[in-house]
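**Student:** One structure follows; several queries about it will come next.
Derivation of every value follows stated rules applied to the coordinates shown; laboratory data play no part. For clarity, every value in this text was computed on a predicted model and none was experimentally measured. Here Cβ is always computed from backbone atoms with ideal geometry, including for glycine, and neighbour counts include all displayed protein chains.
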Amino acid sequence: MNKIFRTGRSFEPALVDLVIAARPNFMKISPLYRALSAAGICRLRLVHTGQHYDDAMSGSFLRELGLPEPDIHLEVGSGSHAQQTAGVMTAYEAACLEERPDWVVVPGDVNSTMACAVTAKKLGLQVIHLEAGLRSFDRSMPEEINRVLTDSIADVFWTPSADADDNLRREGMTESAIVRIGNIMIDTLETMRSRIEAAMAPGEQHEFGLVTLHRPANVDTHEALGEIVSALVKLSRHLKLTFPVHPRTAGRLREFGMMEALDAAPGIEVIAPLGYIDFMARVFRARLVITDSGGLQEETTYLGIPCITLRPNTERPITVSVGTNRLVARSDLIAAAERALSDHTGTGDVPELWDGRTAERAASHLADLLSC
Ligand code: UD1
């Protein structure tokens, strides 16, 4: 095995922490975990902060994606932003003091991404941001604050697209630290493709829409969530909808007394959150996706499926300029869905380096870093 050793510490392979925290992280870290394990260039420590903890939001993904039980579980759980961030920082600091990693890889833009990056840098550790450089330029989103803060201190930026590179250059980051590796979620999709296809109901028609919602701006106020629910009920008279409900959204639907309206609509199937394979099996078959997720904007672009994103902006503009994604105001949801259903003009293109080989490029770059 071609092991790379820590300088000054003979016979000890470098230690690399891979941080996971919330549902979208698992799809990004699993291909990297596999590629680094196969490369044998370092010792890996899988650190789960516990930001997501329900089996449906965490454990089922680890199992399906072939990730092992985490080496360290920080068990931070839910809370306000400050509580959650502080909890991750305190617990991750203790883990790093117990054994100092040589590099820390933080994925995406959740609270734990930023919390682990800040903790690591204050201990003098080196940080790689996986999915760096994305910007919505909307600081009312907690994720944008997490992205900007993480990138402002990371040592290496693994980016998915040219717009991310440009954002980092504009912010004055060193050119040599910006490494475009591509979109690592596509690696997961391709690795799991045969299992996803096997999970698809044979002969099922494409005539349904898939809905996911969890952004505070869409679900945390009565007005916003009410507007969406009433549009979905109307839309479901023409297009059957499947709606796996995120725990945040389920809580709000109950609190605002809106679950009944969804349950009463014969065209809407309200279900619990799905695992990766069952969820992607529905995405593969969907005629249309309505969402406010980040990852789903990318997966639909890759698959050429029309996507309506209920947001005024996106940190993933390439899914609009190149792919099938359209940003739509809540008030325009029904009209936008009708347009998408009647438009048969094409499926968009797949961005460069969204090719299923991103983890390979990341592992090869990490090998270069470790041998420096
Ligand atoms: C978090 C991320 C968001 C990401 C999303 C993916 C931040 C700021 N937000 O949002 O960027 O897109 O994850 O799902 O990091 N809950 C459960 N079980 C769980 C986890 C959460 O029931 O396993 C409930 C709790 O009531 C919690 C609420 O969902 O208070 C929200 O969870 P939280 O992790 O704070 O934010 P998300 O909305 O999931």
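**Student:** Tell me, what ³J(HN,Hα) does each residue in the range 219-232 have, in order and in whole Hz, if you take phi through Karplus 6.51 cos²θ - 1.76 cosθ + 1.60 with θ = phi - 60° and put x for Gly and Pro?
**Tutor:** Listing the rounded values in order: 10, 8, 10, 4, 5, 5, 5, x, 4, 5, 4, 5, 5, 5 Hz.
**Student:** Given a cut-off of 16 Å, what percent of all Cα-Cα pairs of the range 87-216 lie beyond it?
**Tutor:** Details: 5768 of 8385 pairs.
Of all Cα-Cα pairs in the range 87-216, 69 percent lie more than 16 Å apart.
**Student:** How high is the relative contact order of the chain, given as a whole-number percent (alpha carbon pairs under 8 Å, six or more residues apart)?
**Tutor:** Working: 701 pairs, mean separation 57.2, N = 372.
Relative contact order of the chain: 15 percent.
**Student:** Starting from the amide H of residue 241, placed 1.01 Å from N in the peptide plane, find each other amide H under 5 Å away whose residue is 5 or more places distant or on another chain.
**Tutor:** Result for residue 241 returns 209, 268, 269.
**Student:** About its Cα centre, what dipole magnitude does the range 142-217 give when the only charges are +1 on Lys and Arg Cβ and -1 on Asp and Glu Cβ, stated in debye to the nearest 20? Walk me through the intermediate numbers first.
**Tutor:** Details: 7 positive and 14 negative charges, 22 e Å.
The calculation lands at about 100 debye.
**Student:** Once you've got the GNM for the chain with C-alpha springs shorter than 10 Å, pick whichever of 144, 175, 75 has the biggest mean-square fluctuation.
**Tutor:** Checking each option, the largest mean-square fluctuation is seen for 175.
**Student:** From the phi of every residue in the range 143-153, what ³J(HN,Hα) in whole Hz does the Karplus formula 6.51 cos²θ - 1.76 cosθ + 1.60 yield, where θ is phi - 60° and glycine or proline is x?
**Tutor:** After applying 6.51 cos²θ - 1.76 cosθ + 1.60, I find 5, 5, 5, 4, 5, 5, 5, 4, 5, 5, 10 Hz.
**Student:** Debye calculation, C-alpha points only, no solvent: report log10 I(q)/I(0) for the range 141-288 at q = 0.12, 0.15, 0.17, 0.20 Å⁻¹, in the same order as the q values.
**Tutor:** -0.72, -0.95, -1.03, -1.13
**Student:** Now a separate question. What nm value, rounded to one decimal, do you get for the distance between residue 263 and residue 240 when each label is placed 7 Å out toward the C-beta?
**Tutor:** 2.1 nm
**Student:** With the contact rule set at Cα under 8 Å and sequence spacing of 6 or more, what percent relative contact order holds for the range 112-228? Mind showing how you got there, number by number?
**Tutor:** On the way: 112 pairs, mean separation 22.8, N = 117.
Relative contact order, the range 112-228: 19 percent.
**Student:** Related question: Tell me, what is the percent relative contact order of the range 41-131, built from C-alpha pairs under 8 Å that lie six or more residues apart?
**Tutor:** Numbers: 111 pairs, mean separation 22.7, N = 91.
Reported as a whole number, the value is 25 percent.
**Student:** Further question on the same structure: Excluding same-chain pairs closer than 8 in sequence, count the lysine pairs in the chain whose Cα atoms lie under 26 Å apart. List each step's numbers first, then the result.
**Tutor:** Details: 3/28; 3/121; 28/121; 28/122.
For the chain, the number of qualifying lysine pairs is 4.
**Student:** Put +1 on the Cβ of each Lys and Arg and -1 on the Cβ of each Asp and Glu in the chain; which of 39, 198, 154 then has its Cα farthest toward the positive end of the dipole?
**Tutor:** 39
**Student:** Next up: Write down, largest first, the equivalent ellipsoid semi-axes of the chain in whole Å, where each equals the square root of 5 times an eigenvalue of the alpha-carbon gyration tensor.
**Tutor:** Working: eigenvalues 254, 93, 76 Å².
Three semi-axes, in Å: 36, 22, 20.
**Student:** Running a GNM on the chain with Cα contacts under 10 Å, which residue among 119, 221, 324 ends up with the highest mean-square fluctuation?
**Tutor:** Most flexible of the set in this elastic network: 221.
**Student:** For every other residue with a beta carbon closer than 10 angstrom to the beta carbon of residue 28, add +1 if it is Lys or Arg and -1 if Asp or Glu, then tell me the sum. Before the final figure, lay out each step's value.
**Tutor:** Working: positive: none; negative: 131, 187.
It works out to a net charge of -2.
**Student:** Report, in deg cm²/dmol and to the nearest 500, the calculated mean residue ellipticity at 222 nm for the chain, where each DSSP H run with n ≥ 4 adds -39500 (n - 2.57) and the sum is divided by the residue count.
**Tutor:** The per-residue figure over the chain is -13500 deg cm²/dmol.
**Student:** Let me ask another. When the dipole is taken about the Cα centre of the chain, and only Lys, Arg (+1) and Asp, Glu (-1) are charged at their Cβ, what size is it in debye, to the nearest 20?
**Tutor:** Numbers: 37 positive and 49 negative charges, 23 e Å.
My answer is approximately 120 debye.
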